[in-house]
Amino acid sequence: MRIRFETLSKSFDELKVLDRIDFDEEISTLAIIGSSGGGKSTLLRMIGGLIEPTSGRIVMDGQPIKEKGADLLKYRRSVGFVFQQNGLLKHLSAIDNITMPLVKVHGMDRDKARDQALHLLKQFGLEQEADKFPYALSGGQSQRIAIARAVAPNPGILLLDEPTSALDPEYTIEVLNMIRELKEAGMHFIIVTHEMGFARNACEHTMFLSGGKIREYGKSENLFSNPQSPELRKFLATLLEWNVKK
Ligand SMILES: Nc1ncnc2c1ncn2[C@@H]1O[C@H](COP(=O)(O)OP(=O)(O)OP(=O)(O)O)[C@@H](O)[C@H]1O
Ligand SMILES: [Mg+2]
């Protein structure tokens, strides 16, 4: 998928979060990294058409993201979104959480939606969980159901905003393994993450945001093994200093 940012800026009142970003690259799997408050979620939400730029625009495969109207809704439906907190509906079983949007948002026939949901649950080893309600799912299971829900309509791209940051390490691994499987099945995604091992080893490209700009971008392996800017070197060194992932 070709992603273009044209002098893209976003401010909240006086706060300039992203400052005249230009970018034009073919993306299949991309990690966005950077310090807290650096604008990663803001950028991802703009890519998903959930918030508007203050100025400039985003063009996906040659189509500018519209700011309103039917085209924007259509675009949003073509994107899968997964957040830090999975947002499963508490009064619906795992499988109904997946089928409901297929029926209500994508107009799919109910039986077909259920077949599709079951297929996904099987694919990811979650069929035992199909009829459980969210309170009965582990954190890792819930997040994997949320990812299954996002990929069920076959989105052109999956956007994940720190999908593992609320999880214990063992569940983090389950979720990251699922995302890697999706990658192997050909799914394109952009993930905001503090899991540097995942960015480096499972994402083809990495983008480092700092000071409202894309400070570095490139093949993940190059970017991590040979950081060019003092900002990225400092960011990576800080992670090492405490030997933590964030
Ligand atoms: N709706 C909003 N209204 C006002 N300020 C906002 C809003 N959304 C984000 N911000 C501010 O914009 C800046 C960037 O926020 P953003 O959530 O994009 O950062 P982030 O890189 O995702 O950080 P983190 O790693 O902590 O999630 C922060 O200073 C934040 O407080
Ligand atoms: Mg964020």
### Task
Determine whether the stretch 215-224 contains at least one residue that is buried (at least 21 other Cβ atoms within 10 Å of the Cβ), modelled with pLDDT under 95 and not charged (D, E, K, R).
no
## Note on the structure
Restricting attention to the stretch 183-216, the residues that are assigned to a strand (DSSP E or B), more than 16 Å from ligand 2 (Cβ to nearest atom) and touching an Asp or Glu at 6+ places or on another chain (Cβ under 7 Å) number exactly 2
### Query
Limited to the stretch 227-242, what total is found for residues that are among the hydrophobic types (A, V, I, L, M, F, W, C) and not in a helix (DSSP H, G or I)?
0
### Query
Quick one: would you say residue 9 is modelled with pLDDT under 95, surrounded by 14 or more Cβ atoms within 10 Å (Cβ to Cβ) and within 16 Å of ligand 1 (Cβ to nearest atom)?
no
### Message
Looking at the stretch 13-41 only, could you name the residues that are within 15 Å of ligand 1 (Cβ to nearest atom), surrounded by fewer than 18 Cβ atoms within 10 Å (Cβ to Cβ) and either over 19 Å from the mean Cα position of the chain (by Cα) or within 22 Å of residue 71 (Cβ to Cβ) (or both)?
### Response
13, 14, 15, 16, 19
### Task
Would you point out the residue of the stretch 153-182, among those that are surrounded by fewer than 18 Cβ atoms within 10 Å (Cβ to Cβ) and either of a type in the set (Ser, Thr, Tyr) or not in a loop (DSSP other than H, G, I, E, B) (or both), that is nearest to ligand 1 (Cβ to nearest atom)?
165
### Summary
Counting only residues that are aromatic (Phe, Trp, Tyr) and away from ligand 1 (no atom under 16 Å from the Cβ), the stretch 183-209 contains a total of 1
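The values are calculated or read from the model by the stated rules, or taken from the named source; none is laboratory data. Computed from a predicted structure; not experimentally measured. Please note: Cβ atoms are built from the backbone with ideal geometry, for glycine as well, and neighbour counts cover all protein chains shown.
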